[in-house]
Amino acid sequence: MLVSTKDMLKKAKENKFAIPSANFVDQISVKAHIKTAEEMGLPLILSYAQAHCVYQDIEEAALLGHFYIKKAQIPVALHLDHGMDLSFIKKAIELGFTSVMIDASQQELKGNIAMTQEVVKFAHKNNVVVEAEIGHVGTGKNVGQSETDTNDDSIYTTVEEAEKLVQESGIDSLAVSIGTAHGLYKGTPKINFERLKELSENIAIPLVLHGGSSSGDKNLEKCALGGIAKINIYTDFVVNAYDNLKQNTTNNYFDVKNLLLKGMISTLKHYYKVFHTQPL
């Protein structure tokens, strides 16, 4: 069933678990994510990133999402991940996305707030919830072992700026930067759990962690139990799907699709356990 992220993230925050935000880029990935959620009887945030329009355009993503979500018996939110501009976000809302993210995190705080306010005004008028980001979760292609030794462009979230963005924008959830990065790591990142504790204690709305893939099970479990209500996963799905294909020999097109599907299913099952996700 199609739902909003608002209630599911509120319950996750209250009960100290995280819900996976699983990015999909095609029919195989959307089927894998919903099939897994159904089998486990757990909620799901089905996410489509604006950057992935090179693989499937937003109209196709909306059609696929709605088609499979309507058949599901568990609560599923259709979420726009990393919306970069107002026009694209408006299009997502018009196509039936129940949750949108505005990523203005690379701007100065004033610009971030102004852009986020615009999105919130339009989205809330259409009963759609909004996630924003403060600080900046960069790209982790060359991320090192420690927080101070990263080679990405991450900017860590401060409590003061987070409070200001939340108060002035009216957002429903907040993505924070505490040591993870998008993409692949050279090692396991060092998460700033002290910063997470400060943010969790001072920010009333649910917190979100981007760059969950390969961030370390212990790290992610601690985040889920320590105040993060939504954790984004993408890279691990495509990496593990391809690994599963490589480990099995086939010359059949349909077997290939099934191997990719199974690789993604095992990944989401794993993270549901790591995140301590509970039924709603």
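Throughout, read-outs are computed from the coordinates displayed, never taken from laboratory work. What you see is a predicted model; the values in this text were computed from it and never measured. Please note: Cβ atoms are built from the backbone with ideal geometry, for glycine as well, and neighbour counts cover all protein chains shown.
Report, in deg cm²/dmol and to the nearest 500, the calculated mean residue ellipticity at 222 nm for the chain, where each DSSP H run with n ≥ 4 adds -39500 (n - 2.57) and the sum is divided by the residue count.
The helix-only estimate for the chain comes to -14500 deg cm²/dmol at 222 nm.
Taking θ = phi - 60°, what integer Hz values does the Karplus form 6.51 cos²θ - 1.76 cosθ + 1.60 yield along region 238-243, in sequence order, with x for Gly and Pro?
For region 238-243, the Karplus-derived couplings read 6, 5, 6, 5, 5, 4 Hz, x marking Gly and Pro.
Running a GNM on the chain with Cα contacts under 10 Å, which residue among F122, F97, F24 ends up with the highest mean-square fluctuation?
Taking springs between Cα atoms under 10 Å, the residue moving most is F122.
How much length would be gained if the chain were fully extended between M1 and D217, taking 0.36 nm per residue of separation minus their Cα-Cα distance, in nm to one decimal?
Net length gain for the segment: 74.9 nm.
If you place +1 on the Cβ of every Lys and Arg, -1 on the Cβ of every Asp and Glu, and leave all else neutral, what size is the dipole of region 164-208 about its Cα centre, to the nearest 20 Debye?
280
Mind putting a number on the dipole of region 2-274 about its Cα centre? Charges go on the C-beta only, +1 for Lys and Arg and -1 for Asp and Glu, and I need it in Debye to the nearest 20.
Values: 28 positive and 33 negative charges, 178 e Å.
Magnitude of the dipole: close to 860 debye.
For region 29-142, what is one quarter of the convex hull surface built on the Cα atoms, given in nm²?
Details: hull surface 32.1 nm².
Over every viewing direction, the Cα hull of region 29-142 projects on average to 8.0 nm².
Calculate the spin-label point distance for D26 paired with Q247, positioning each point 7 Å from the Cα along the beta-carbon direction, and give it in nanometres.
2.0
Take the cross-link list K222/K257; K164/K230; K31/K197; K10/K91; K6/K164; K13/K269 and give me the ones stretching past 24 Å between alpha-carbons. Don't skip to the answer; put the middle values down first.
Values: K222/K257 34 Å; K164/K230 21 Å; K31/K197 36 Å; K10/K91 26 Å; K6/K164 21 Å; K13/K269 21 Å.
From K222/K257; K164/K230; K31/K197; K10/K91; K6/K164; K13/K269, over 24 Å: K222/K257; K31/K197; K10/K91.
Work out the charge dipole of region 2-274 with +1 on the Cβ of Lys and Arg and -1 on the Cβ of Asp and Glu about the Cα centre, then indicate which of Q107, S266, A175 is farthest towards its positive end.
Positive-end residue among those listed: S266.
Restricting to Cα pairs below 8 Å that are 6+ residues apart, what does the relative contact order work out to for the chain? Please round to a whole percent. List each step's numbers first, then the result.
Numbers: 618 pairs, mean separation 61.1, N = 280.
22 percent.
Would you mind ranking K222, K125 by Cβ crowding within 10 Å, fewest neighbours first? Each step should come with its number before you reach the end.
Values: K222 15, K125 9.
Ordered by Cβ neighbours within 10 Å, fewest first: K125, K222.
What distance in nm separates the two pseudo spin-label positions at Y55 and F67, each 7 Å out from Cα along the beta-carbon direction?
1.7
Would you work out which of P206, H79, T277 lies farthest towards the positive end of the dipole of the chain? Charges go on Cβ: Lys and Arg +1, Asp and Glu -1.
Of P206, H79, T277, it is T277.
Alpha carbons only, please: Rg and Dmax for the chain, in angstrom.
17.6, 56
Give the order of M264, M115 when sorted by the count of other beta carbons within 10 angstrom, beginning with the fewest.
Values: M264 25, M115 20.
Ascending number of Cβ neighbours within 10 Å: M115, M264.
Counting Lys and Arg as +1 and Asp and Glu as -1, each charge on the Cβ, what is the dipole of region 35-110 about the Cα centre in debye, to the nearest 20? It would help to have the intermediate numbers written out before the result.
Values: 6 positive and 10 negative charges, 43 e Å.
Computed charge dipole of region 35-110: roughly 200 debye.
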